[in-house]
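Structure record follows, encoded as structure tokens.
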Amino acid sequence: MTLNMADAAPFLDRLKRLYDEMDAAYRAAAEHYGFQCDGCTDNCCLTRFHHHTHLEYLYLREGFRAMPMDAQTEVRALADAVIRETAAAEKEGGEIRIMCPLNTGGRCRLYSRRPMICRLHGVAHELHLPGRPVSRGPGCALFMQQAEGAEYFRFDRTPFYREMAMLESGLKQAAGLSTKLKMTVAEMIVTFEEPAL
């Protein structure tokens, strides 16, 4: 993706603030339920999430480029392997549960740069789409186990999705982008340009 970073800078600044707002709302919900996202065998980093914004792509790319060169090389090789393994699993029609190439020892190497769905996944939530009934998600298996019997806490993702859509639209307009994006983290990583030596 070729993009003048000067065009993107104000949107990336706002994205960082939006991520902080997401993290605070998630933390409040998790604390209400006494939810601890730790030691889960059904790690969400094994989930094949697709990400849909150029903005998050750029934000992740900035973080990736700030990593030490040997770490970039290692993560790029892991991303290649994830893509190959995913293609093989798709061909066989099997379930795709492959660790994200950014996950090392159970931790994300670019945790502060992780995309929106990585930040919001796990806790029971609701979404208010225009002209539709309220959509509710129950949270992950570990969450449902830990939160059983707890009083419902309203964790509404709608404002975050709405703000993300507005930021993405603004970026695309400022940068003259018309393409849509649908990529996993591994697919993003392999498109990040090799550093100049």
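Please go through region 48-74 and pick out each residue that is in contact (Cβ under 8 Å) with a residue 60 or more places away in the chain, in a helix (DSSP H, G or I), farther than 12 Å from ARG113 by Cβ and in contact with a Lys or Arg (Cβ under 8 Å, 6 or more places away or on another chain). Across region 48-74, the qualifying residues are HIS54, GLN72. Residue count for region 120-167, restricted to those that are surrounded by fewer than 16 Cβ atoms within 10 Å (Cβ to Cβ) and among the β-branched types (Val, Ile, Thr): 2. Only a single criterion out of (1) farther than 15 Å from TYR57 by Cα; (2) at pLDDT 95 or above; (3) part of a helix (DSSP H, G or I); (4) not polar (S, T, N, Q) is not satisfied by MET144, namely (2). Within region 174-189, the set of residues being polar (S, T, N, Q) and at pLDDT 95 or above comprises just one member, THR184. Check region 186-193 and report whether any residue there is over 18 Å from LEU60 (Cα atoms) and in a helix (DSSP H, G or I). So far as region 186-193 goes, no, none of its residues is over 18 Å from LEU60 (Cα atoms) and in a helix (DSSP H, G or I). Note on region 170-192: residues that are under 22 Å from PHE49 (Cα atoms) and surrounded by fewer than 13 Cβ atoms within 10 Å (Cβ to Cβ) amount to 4. None of CYS45, CYS37 is within 19 Å of ARG107 (Cα to Cα) and assigned to a helix (DSSP H, G or I) except CYS45.
Which one of these is out of contact with any Phe, Trp or Tyr (no Cβ under 8 Å at 6 or more places or on another chain), of a type in the set (Gly, Ala, Ser) and surrounded by 14 or more Cβ atoms within 10 Å (Cβ to Cβ): ALA77, ALA8?
Residue meeting the stated conditions: ALA8.
Assigned to a loop (DSSP other than H, G, I, E, B) and farther than 20 Å from ILE189 by Cα - does that describe any residue in region 14-34? Yes, region 14-34 contains a residue that is assigned to a loop (DSSP other than H, G, I, E, B) and farther than 20 Å from ILE189 by Cα.
The values are calculated or read from the model by the stated rules, or taken from the named source; none is laboratory data. Given the structure is predicted, the values throughout are model-derived calculations rather than measurements. Glycine also receives a Cβ, built like all others from the backbone with ideal geometry; neighbour counts cover every protein chain displayed.
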